[in-house]
Amino acid sequence: MQLSLLATIFAAAASGSVLQARQANSFSVSNFSASCIPHSVIYAFAVITNPESTAPSGHPDPVQCGLMLQGPDYLPPVNLTGCSEGAPYSWAVEVNKDGSLQLSVTTPHDSHSNYTGVYDLPADELVVEQHGAVMTQRYTGPAAFEVPLGQPLRH
């Protein structure tokens with residue numbers, strides 16, 4: 001009888017630990033696109049943490065992120081900018097010396113630090129096309145990918 005009760009307690013404890021959400025370790029990006037059209041640039045994507053884990057931001061639903069810029073024929077850097085109104089995510093793009101891009105996604109951890117993930121968009125996934133007198137660049141890599149989270153960074 002004691003053995004049965006003890007086994008029941010361990011089983012209950014084990015099943016309870018299975019039900020606890022684990023901390024997210026990446027952002028899931030979907031529908032990512034980056035392209036230039038003559039005289040404009042469009043970056044657009046949706047971001048969410050893994051729905052089976054605890055979202056660092058506490059925001060479990062996909063958030064739309066995007067920006068349309070008047071601009072160059074090549075994909076430009078983007079300073080840290082927010083996603084859709086009231087959403088807890090921000091993002092930025094850096095242009096590397098080798099022509100690749102680096103997408104960073106950020107969400108608050110607490111009042112003193114942020115979670116930030118970085119994803120490299122290789123130069124060979126960025127194509128330049130001639131359109132009459134205008135050259136345009138666009139991203140041709142995967143539209144969905146995981147952006148691994150780093151440790152919370154103090155700001």
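Read the figures in this text as sums done on the coordinates, not as results from a lab. Since we're looking at a predicted model, the values are computed, not measured. So basically every Cβ, Gly included, is an ideal-geometry build from the backbone, and we count neighbours across all protein chains shown.
Things to note:
- Over all other residues within a Cβ to Cβ distance under 14 Å of ILE37, the charged ones net out to -1, with Lys and Arg as +1 and Asp and Glu as -1.
- ARG138 sits among other residues whose Cβ lies under 10 Å from its own Cβ, and their net charge, with Lys and Arg +1 and Asp and Glu -1, is -2.
- Difference of contour (0.36 nm per residue) and Cα-Cα distance, ALA44 to MET135: 30.7 nm
- Two-site label geometry, SER26 and TYR74: point separation in nm, points 7 Å out along Cα→Cβ: 3.0
- Packing, taken as the mean count of other beta carbons within 10 Å per residue, orders the peptides 103-110, 134-141 from highest to lowest as 103-110, 134-141.
- Were the residues from ALA144 through SER113 laid out at 0.36 nm apart, the gain over their Cα-Cα distance would be 8.5 nm.
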